[in-house]
Amino acid sequence: MGGMSRTGRGRGRERAEIAVVRVLEKRLGALPVVAQFGRRLRIAEIIDELCPVRPVAWITHGEVIEALVANRLTAPAPLVRVQEWAAAMAVEEAYGIEPHLLNDDRIARALDAVAPQLDAITGSVGAAAVSEFGVDVARLHWDMTSISLYGAYPEAGEEYRRRGGGTRRTAART
């Protein structure tokens with residue numbers, strides 16, 4: 001019958017072909033904006049210069065951390081759920097990273113690798129921000145450190161007990 005209808009109707013016309021197409025929905029949200037800012041700040045590039053990976057790695061530490069930053073900024077999830085977040089969001093499209101590569105073990109290895117280089121990474125990304133966005137450094141005071149003291153301080157009142165952010169330096173007193 002070669003493409004002809006069996007019922008006789010539509011003689012001389014080709015039979016319509018139907019293609020089944022898989023529909024895949026992913027959330028986009030602010031991911032493209034975050035990805036563009038990450039590229040402009042050279043986050044992955046800076047981390048990869050300071051924390052190289054072995055040649056057998058599927059993705060670099062910089063790529064993992066850049067995706068983790070995107071997770072923290074768009075829809076924070078526990079580290080064991082970042083892979084699920086990446087599958088639901090358009091991470092593969094925005095970053096070129098397959099979601100299964102962002103498992104908690106890989107994230108932990110990247111965090112372990114960057115930990116000794118945090119000061120250099122923070123300074124380099126900060127310098128990239130100053131350069132890229134034209135920040136007037138004459139009016140900028142940037143101190144990312146905090147000091148926490150632990151121990152018995154009977155003379156210290158409640159007003160002195162607070163938690164700080166930034167890089168933590170600790171000292172103990174007994």
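The values are calculated or read from the model by the stated rules, or taken from the named source; none is laboratory data. Because the structure is predicted, anything quoted here is derived from the model rather than measured. All Cβ positions, even for glycine, are placed from backbone atoms using ideal geometry, and neighbour counts span all protein chains on display.
Side notes on the structure shown:
- When 86, 108 are checked against the criterion of being in the same structural domain as residue 37 (by TED's automatic domain parsing), among the aliphatic types (A, V, I, L, M) and in contact with a Pro (Cβ under 6 Å, 6 or more places away or on another chain), 86 stands alone in meeting it.
- Pick from the stretch 100-117, criterion closer than 19 Å to residue 46 by Cα and either of a type in the set (A, V, I, L, M, F, W, C) or under 12 Å from the mean Cα position of the chain (by Cα) (or both), ranking: surrounded by the fewest Cβ atoms within 10 Å (Cβ to Cβ): 115
- Matching residues, the stretch 49-71, being outside any loop (DSSP other than H, G, I, E, B) and either at pLDDT below 95 or in contact with a Cys (Cβ under 6 Å, 6 or more places away or on another chain) (or both): 61
- Selected residue (criterion: modelled with the lowest pLDDT) from residues of the stretch 76-91 that are part of a helix (DSSP H, G or I) and within 12 Å of the chain's Cα centre (by Cα): 79
- Sole exception among (1) part of a helix (DSSP H, G or I); (2) out of contact with any helix residue (DSSP H, G or I) (no Cβ under 6 Å at 6 or more places or on another chain) for residue 46, by number: (2)
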